[in-house]
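Student: What follows is a single structure, and I will ask about it in a moment.
The values are calculated or read from the model by the stated rules, or taken from the named source; none is laboratory data. If you're wondering where the values come from, they're calculated on a predicted model, not measured in any experiment. Positions of Cβ are backbone-derived with ideal geometry, glycine not excepted, and every protein chain shown enters the neighbour counts.
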Amino acid sequence: MLAITFILVHFRDILYLEPHCRHVILMISLTFAYMSYLKHISLLCLTFLFTLIARGETYIPVDKGSKIEFKVGKGSGGVSSVKGSFGSLRGSIVFDPRHPEKSSFDVTVGAATVKTNDKTADFKVKSADYLDVVRCPEIRVKSTSVKQDVVGGVVFILNGNLTLKGVTLPVKIQFTTSTSPNGDGLVFRGLLRLNRVDFGVGPEDKSDQDVSVFLEILTKRK
């Protein structure tokens, strides 16, 4: 910028110089201008790179290959537990294992995709008494904070809000990560525990109120 300014200010003086002198001055000025341009481009690239590093990488959940499985009840004392799964996984995950506090999760599944391998049970679970999938088609988890369970450890803690059947309550999910099989993303494996009655799912007079949700979320880099 200074080189260009110099040329503009002293343009008339430069015209009176010998041709070879004019050529040398112009070449030197243009060289400095080009170097200044490269400097600014380099600074912009570094700023952009550091911004990406600070924010962590963005991952998109992949429905195929992921598992969202649940178990209702403890299945002990002669009482069989109910097992099932959800699909239609989608959302966005920003994750930085070195700075987990900068990470964020916003993931949903389709409530109507619930399957228990029993058609009668599936119809019941989708009804207004349980998931009420017509009025509440999505189940959503949105993080409020992410941290390591132990500093330097491999287990992370997601604190966030679970919206289920129109009710939003705080939840905690412990999870670990690994590289996806094809290397273009991560696999998040975690466990969520909740009481279905807190969300108005099903009757309160049954003992099978505890629900364990096992998460294995396959992702790809955005």
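Student: Look through K119, K124, K115 and report the one residue that is in contact with a strand residue (DSSP E or B) (Cβ under 6 Å, 6 or more places away or on another chain) and of a type in the set (D, E, K, R).
Tutor: K115
Student: Just a yes or no: is a residue in segment 183-191 more than 13 Å from G65 (Cα to Cα), in contact with a Ser or Thr (Cβ under 8 Å, 6 or more places away or on another chain) and either assigned by TED's automatic domain parsing to the domain that holds L158 or buried (at least 20 other Cβ atoms within 10 Å of the Cβ) (or both)?
Tutor: The answer is yes, given that some residue of segment 183-191 is more than 13 Å from G65 (Cα to Cα), in contact with a Ser or Thr (Cβ under 8 Å, 6 or more places away or on another chain) and either assigned by TED's automatic domain parsing to the domain that holds L158 or buried (at least 20 other Cβ atoms within 10 Å of the Cβ) (or both).
Student: Now for a separate question. Limited to segment 86-110, what total is found for residues that are surrounded by fewer than 16 Cβ atoms within 10 Å (Cβ to Cβ), on the phi < 0 side of the Ramachandran plot and in a strand (DSSP E or B)?
Tutor: The number of residues fulfilling the criteria is 4.
Student: With the structure loaded, tell me whether V201 is β-branched (V, I, T), closer than 30 Å to A128 by Cα and part of a loop (DSSP other than H, G, I, E, B) or whether it fails that test.
Tutor: yes
Student: I'd like to check something: does segment 90-97 contain any residue that is at pLDDT below 95, basic (K, R) and over 19 Å from F199 (Cβ atoms)?
Tutor: Looking for residues that are at pLDDT below 95, basic (K, R) and over 19 Å from F199 (Cβ atoms), one finds none in segment 90-97, hence no.
Student: Yes or no: L131 in contact with a helix residue (DSSP H, G or I) (Cβ under 8 Å, 6 or more places away or on another chain) and part of a loop (DSSP other than H, G, I, E, B)?
Tutor: Yes, satisfied.
Student: Would you check if V197 is surrounded by 15 or more Cβ atoms within 10 Å (Cβ to Cβ) and touching an Asp or Glu at 6+ places or on another chain (Cβ under 8 Å)?
Tutor: Yes.
Student: From the set of residues in segment 84-99 that are closer than 22 Å to K71 by Cα and not hydrophobic (A, V, I, L, M, F, W, C), which is farthest from the chain's Cα centre (by Cα)?
Tutor: G84
Student: Pick from segment 142-163 the residues that are of a type outside the set (G, A, S) and in contact (Cβ under 8 Å) with a residue 40 or more places away in the chain: which of them is nearest to Q209 (Cα to Cα)?
Tutor: Top of the filtered list is L158.
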